[in-house]
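Inspection log for the structure reproduced underneath, given as structure tokens.
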Amino acid sequence: MRPGKKGLNKRMETTGQLYILSAPSGCGKTTILRKVMANINGLAFSVSHTTRSPRSGETNGVDYHFVTEEEFHRMRTEDLFLEWAEVHGNYYGTSRPAVLEQLESGQDIILDIDVQGAAIINEDKSLDAVSIFVAPPTLAELEKRLRGRGTDSSETIALRLQNAAKEMTAISRYKYLVINDRLEDAVQTMQSIIIAERSSCRRLADGTSIRLEK
Ligand code: ADP
Ligand code: 5GP
């Protein structure tokens, strides 16, 4: 295959790889992800369930499945979440059936989840997740981005900044760190991580048949 924008990243395994992406809110994770997903094939985004209200521009079923607390807790008691957590005063959860189905179909999946959810997924060794933490260059820059985004109230921004400092103490539990200073560099680094993981011999050994005969 010619190394083109898509061909270079062709997957070779039979089951998908799970990626965990965590970052303090506002440091640019969504912006990076949109660009990475446009460039890399075979990579899907897991749409979480949340009890928080949609922000302007967010679409139900695309950015999140927006549900009531009642619905969320019903799903929780029915064990429909691979992980769930309370973040910034709202509940968030990853759909177990959706993620497992997509992985089985050979699709790589990215979970955009907080550090609590990441710890739960990492504990489950059968999921064999690759974890990536996206950090802002400084907390001052993070505050600037949160204010610049214009989607959160001052109180929400204050809460998110407080949580950011706490979340960043979990960085050492992740496999990779991407610092989102220049956007293009961060996108490039994220893509390189995924391409490198797809070339890992440990993973290829399971699902790829390499013909050795003439
Ligand atoms: P998150 O998904 O992590 O909450 P967003 O992707 O919504 O964050 O980004 C928050 C704000 O920061 C947005 O207004 C976005 O345009 C801006 N932003 C993202 N990356 C950068 C960057 N590298 N430099 C400057 N601004 C950025
Ligand atoms: P936001 O409200 O800004 O979209 O997300 C707030 C935080 O919730 C982010 O850190 C995001 O990664 C996290 N989050 C989103 N979906 C999930 C999920 O399904 N599970 C967990 N544990 N965290 C999530």
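The values are calculated or read from the model by the stated rules, or taken from the named source; none is laboratory data. Values in this document were obtained by computation on a predicted structure and should not be read as measured data. Here Cβ is always computed from backbone atoms with ideal geometry, including for glycine, and neighbour counts include all displayed protein chains. Ligands, DNA and RNA are stripped out before the accessible areas are found, and what is left, the full protein with its side chains, is counted by its heavy atoms. Shrake-Rupley method; radii C 1.70, N 1.55, O 1.52, S 1.80 Å.
Hey, with R₀ at 41 Å, roughly what FRET efficiency would Arg52 and Asp181 work out to, going by the Cβ-Cβ distance, to 0.05?
0.90
With every protein chain left in place, what is the accessible area per residue of the range 7-148 in square angstrom, probe 1.4 Å?
46 Å²
Using 0.36 nm times the number of residues separating Leu139 and Ser172, minus their current alpha carbon distance, what extension gain do you get?
The span from Leu139 to Ser172 would gain 10.1 nm if fully extended.
Let me check something: with ligands and nucleic acids excluded, how do Lys35, Lys166 order by accessible area (1.4 Å probe), largest to smallest?
The most accessible residue leads, giving Lys166, Lys35.
Under a 5 Å amide H to amide H cut-off, with H placed in plane at 1.01 Å, what residues pair with Ser131 once short-range neighbours are removed?
Amide H neighbours of Ser131: Ile20, Lys175, Tyr176.
Would you kindly find the accessible area of Ile195, with a 1.4 Å probe and non-protein molecules such as ligands, DNA and RNA excluded, rounding to the nearest 10 Å²?
Taking all protein chains as shown, Ile195 has close to 60 Å².
Taking R0 as 25 Å, what's the FRET efficiency between Asn39 and Asn60 from their Cβ-Cβ distance, rounded to 0.05?
0.45
Just check the range 39-182 against the gyration tensor rule for me: Cα atoms, a ≥ b ≥ c as the square roots of the eigenvalues, rounded for a/c under 1.5, and otherwise prolate or oblate depending on whether a/b exceeds b/c.
oblate
Once the principal axes of the Cα atoms of the range 10-66 are found, what is the range along each, listed largest first in whole angstroms?
The Cα atoms of the range 10-66 stretch 39, 22, 18 Å along the principal axes, largest first.
Over the chain, what is the relative contact order in whole percent, taking alpha-carbon pairs under 8 Å and six or more residues apart?
31 percent
As a check on your grasp of the helix formula, calculate [θ] at 222 nm for the chain: sum -39500 (n - 2.57) over DSSP H runs of n ≥ 4, divide by the residue count, round to the nearest 500.
-12000 deg cm²/dmol
Residues in the range 105-144, backbone N under 14 Å from the label point at Arg76 (7 Å along the Cα-to-beta-carbon vector): list them, ranges by number please.
Output list for this probe position: 117.
What share of the DSSP beta bridges in the chain is antiparallel, in percent to the nearest 5?
Percent antiparallel among DSSP bridges in the chain is about 30.
If you build a Gaussian network model of the chain, linking Cα atoms that sit under 10 Å apart, which residue out of Ser199, Ser154, Ser131 swings the most?
Among Ser199, Ser154, Ser131, the largest mean-square fluctuation in the Gaussian network model of the chain belongs to Ser154.
Over the range 21-82, what is the mean sequence separation of C-alpha contacts under 8 Å (at least six apart), divided by residue count, expressed as relative contact order in percent?
Relative contact order for the range 21-82 comes out at 23 percent.
What would the Debye formula give as log10 I(q)/I(0) at q = 0.18, 0.19 Å⁻¹ for the alpha-carbon point model of the range 45-112, no solvent?
-0.66, -0.73
Using DSSP H assignments, which helices in the chain have an axial alpha-carbon span of 18 Å or above and a mean Kyte-Doolittle hydropathy of 1.6 or higher?
Once both thresholds are applied, nothing remains.
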